[in-house]
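Working notes for the structure below.
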C-alpha cells in the first residue's frame with residue numbers, strides 16, 4: 001500500500017491505493033476512518049488491530065513498535081502518514097497470532113445468553129479472588145465438565161485463560177496509572193505469589209511488569 005503526496009492538504013486529494021487483498025482494503029478503510037483529531041497512540045493502535053481480518057491479532061515487529069512510538073510525538077497530517085505506514089505494515093506482515101477460529105461465531109439462545117452474561121459479569125467482579133471452576137459452574141447451574149465446554153464454546157477461551165486475561169488487564173492498568181508496588185499489584189489482581197505473576201505477565205506481554213511500567217512512563221513523558 002502506497003500513499004502519494006502525503007504532504008498534501010487533505011486525504012480527499014490523495015488517490016486511494018489499489019487493495020490487493022481483503023486485509024489491504026480493510027486497513028485502508030481503517031486509515032480513512034481514523035481521521036480524528038487528538039487520537040492517542042493507543043487508539044490508533046486499536047484502529048490498526050480492528051483493521052485486520054476477524055480472528056487475527058498482531059504482535060508488532062520492531063518496525064511497527066517504532067512507528068507507534070513516533071506517532072505519540074507528532075500531530076495532524078504527520079501522524080496520519082505514520083498511521084498509514086503502520087496499517088500498511090500490518091496488512092503485509094506475517095507476524096500475527098490466530099486468536100480464535102475464523103468460523104468462531106456462537107449462536108446463543110436466550111437462556112444460554114443469560115447464563116454467559118451473568119457468568120462474565122460475576123468473573124469481572126470477582127477475578128481478584130480465588131475463583132474455582134466448581135463454584136462458578138454451580139452458579140451457572142451446570143456440572144464442571146458441562147460448564148467448561150459451554151464456556152469455551154461461547155467465549156473462545158477456557159475458564160482459566162479468561163481469568164488470567166482479566167487479572168493481567170487489571171495489572172496493566174495499575175502498572176501504567178499508579179505507583180503501587182509490583183508485589184502489591186500481584187496480590188491485588190489475584191495472584192498468590194510474585195513468581196507466578198511475573199511468569200504469566202512475561203508470557204502474555206513479552207516483557208516483565210517493571211519493564212511495562214517503565215515503557216508506560218516513557219510514553220506519557222513523550223506525549224507531555
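Each reported figure results from applying straightforward, stated rules to the coordinates on display, with no laboratory input. Just so you know, these numbers come straight off a predicted model, no measurement behind them. Using ideal geometry, Cβ is built from the backbone for each residue, glycine included, and neighbour counts are taken over all protein chains shown.
General observations
- Taking every alpha-carbon pair under 8 Å whose residues sit at least 6 apart, the stretch 133-224 reaches a relative contact order of 18 percent.
- Counted by neighbouring Cβ atoms within 10 Å, the residues 172, 186 run from fewest to most as 172, 186.
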